[in-house]
Structure formats: C-alpha cells, structure tokens
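Reading through the structure tokens given below for one structure.
The values are calculated or read from the model by the stated rules, or taken from the named source; none is laboratory data. The shown structure was predicted, so the numbers you read here are calculated from the model rather than taken from an experiment. Quick reminder, even Gly has a Cβ in these numbers, built from the backbone with ideal geometry, and neighbours come from all protein chains shown. Ligands, DNA and RNA are excluded from the accessible area calculation, which covers all protein heavy atoms including side chains. Shrake-Rupley method; radii C 1.70, N 1.55, O 1.52, S 1.80 Å.
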Amino acid sequence: MSQIEEEKVLAAKFALERIPSDARVVGLGSGSTVAAFVRELAKSDIARRLTFVPASSQIEEEALAAGLRLSDLDHVEAVDFTVDGADEVDPELNLLKGGGGALTREKILAVHSDLYVIIADHTKPVEALCSRHPLPVEVVKFGRSHTAELLAEALDGEVALRKTRFGIPFITDNGNYILDVKLKEPISDPEATLNQLKSIPGVVEVGLFVGLADEVYVAEGREVRVLTP
C-alpha cells in the first residue's frame with residue numbers, strides 16, 4: 001500500500017471515531033477516500049445503529065456491498081454527520097471538489113448536514129484553489145458548447161468536456177455533463193468566482209465549496225491534523 005493510500009485509511013479511521021455518539025444519520029460523499037471510510041465502517045459495530053445517505057452511485061454501490069443501511073436524503077429528517085473528500089483544501093477550508101463528478105449531490109448533502117467533515121491525505125492542502133487541478137463545472141447538455149464559451153470568457157481559461165476512458169462524454173448521476181476549466185492562475189476569491197459562474201445559464205453547480213467544511217482531517221504520515229475555519 002502506498003503512503004497516500006495508508007493516509008486515506010488513517011484519515012478514515014480518525015473520522016470514524018469522530019462520529020457523535022447521538023448521531024443517527026451519516027452522509028457519505030464520494031471518491032476513493034470516502035470509499036476507504038466505508039470499508040472501515042464495515043468493520044465497525046457503530047455502523048449497525050446508523051443510517052447512511054450516499055451522494056453518488058459509486059459510494060452507494062460500495063455501501064451496499066459493505067452491508068450498510070441506506071436511505072435517501074428526502075426520507076430522513078436530518079443528517080447528523082457527513083464525511084466527504086476533496087481535491088484541494090485552502091487555508092480557509094474552502095474546497096475544490098468534483099474530480100469524481102458528484103459535486104452537485106455532494107454540495108446538497110453538505111448544506112443539509114449538521115457537521116460536514118473532510119478526510120484527506122497530505123497532498124490536498126494548497127495555498128489557493130485550482131493550484132493543481134482544473135475547476136469542474138456541471139452543466140446541462142442543452143447548449144453545452146455555448147455554456148463552455150461563457151465559462152472560458154468568465155475565467156480566461158481553457159474548457160474541456162470531461163470524457164470517460166472510452167472517449168465518450170462523462171455523464172453525472174444527474175444526467176449532465178462536466179466541463180473542466182484549466183485556469184492560468186489559482187483562484188484568489190473562491191466566493192466571488194462561485195457567484196459569477198452560478199449566474200451563467202446552463203451551469204448546474206460549480207466545484208467550489210465555500211464556507212461549508214466544519215473540520216478537515218489531514219493525514220500526514222502516521223499523524224492526523226484537525227483543521228478548523
């Protein structure tokens with residue numbers, strides 16, 4: 001197992017211990033780090049008393065295979081604790097997300113969670129978002145090329161339609177496309193950028209999570225740092 005994979009498991013185990021004793025519903029984001037969390041849940045007795053709300057079909061499949069009890073967000077009164085991953089985390093705990101294509105559902109789940117935490121390996125913290133990754137934007141299929149033009153103008157960046165390894169367009173769980181915007185410079189004001197892009201017709205959601213994370217658990221070697229806003 002590589003160092004990064006070991007760190008994902010360490011962060012997952014740490015998050016498992018942070019689930020409040022009175023929690024009843026736990027949200028599950030998406031990505032490889034959350035998959036590691038699901039595998040740790042499967043080994044734990046705590047999972048038996050909890051109901052889980054997955055934000056992606058990928059994690060839903062992982063959770064079903066692990067024998068977890070699942071529900072839909074519309075069928076629970078509240079989500080007590082949600083564990084998610086991130087592509088990048090800035091010093092204010094703003095997040096870059098969407099590498100797995102589940103950004104819209106992840107953001108909906110985050111907003112409706114009492115406690116939203118991120119688990120990450122040591123490569124995720126950055127000084128500014130989009131330092132290492134393009135910005136994912138979920139868009140409707142209708143007029144996609146024109147939406148891409150508006151995104152390119154707004155961000156002065158290079159826009160690419162995300163495709164699968166088979167060369168066909170990637171389709172989100174919501175039936176939409178993902179446009180990845182490669183920026184010339186990292187984002188200096190995530191909130192302003194988010195608001196600007198959300199005003200473009202055709203944009204469903206943007207992979208900037210501003211002011212949503214309550215805690216970030218960053219595994220570095222054999223230690224876990226807890227970051228708070």
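Here are Leu109, Leu64: which of them is at pLDDT 95 or above, assigned to a helix (DSSP H, G or I) and open to solvent by 20 Å² or more (accessible area, probe 1.4 Å)?
Leu64
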Within region 112-151, considering residues that are over 13 Å from Val204 (Cα atoms) and of a type in the set (Asp, Glu), the one surrounded by the most Cβ atoms within 10 Å (Cβ to Cβ) = Asp121
Going through region 112-158 in order, the residues found to be modelled with pLDDT of 95 or more, part of a loop (DSSP other than H, G, I, E, B) and among the acidic types (Asp, Glu) are Asp114, Glu127
Of these, His75, His112, which one is under 17 Å from the mean Cα position of the chain (by Cα) and closer than 29 Å to Lys198 by Cα?
-> His112
How many of the residues in region 51-61 are touching a helix residue (DSSP H, G or I) at 6+ places or on another chain (Cβ under 8 Å) and open to solvent by less than 50 Å² (accessible area, probe 1.4 Å)?
-> 6
Tell me which residues, restricted to region 43-59, are part of a helix (DSSP H, G or I), touching a residue at least 24 places away in the same chain (Cβ under 8 Å) and out of contact with any Ser or Thr (no Cβ under 6 Å at 6 or more places or on another chain).
-> Ile46, Arg49, Ser57
Which condition breaks for Gln3 when tested against (1) loosely packed, with under 15 Cβ neighbours inside 10 Å; (2) touching a helix residue (DSSP H, G or I) at 6+ places or on another chain (Cβ under 9 Å)?
-> (2)
Of the listed residues (Val83, Val34), the one being touching a residue at least 40 places away in the same chain (Cβ under 8 Å), part of a helix (DSSP H, G or I) and either open to solvent by less than 50 Å² (accessible area, probe 1.4 Å) or over 30 Å from Cys130 (Cα atoms) (or both) is Val34
So which pairs qualify, if the first residue must be in region 3-18 and more than 9 Å from Val83 (Cβ to Cβ) and of a type in the set (A, V, I, L, M), the second must be assigned to a loop (DSSP other than H, G, I, E, B) and at pLDDT below 95, the Cβ gap must be under 9 Å, and the two must be at least 6 apart or on different chains?
-> Val9/Met1; Leu10/Gly221; Leu10/Arg222
Considering region 179-198, residues that are open to solvent by less than 80 Å² (accessible area, probe 1.4 Å) and touching a helix residue (DSSP H, G or I) at 6+ places or on another chain (Cβ under 8 Å), and then whichever is nearest to Phe142 (Cα to Cα), we arrive at Leu179
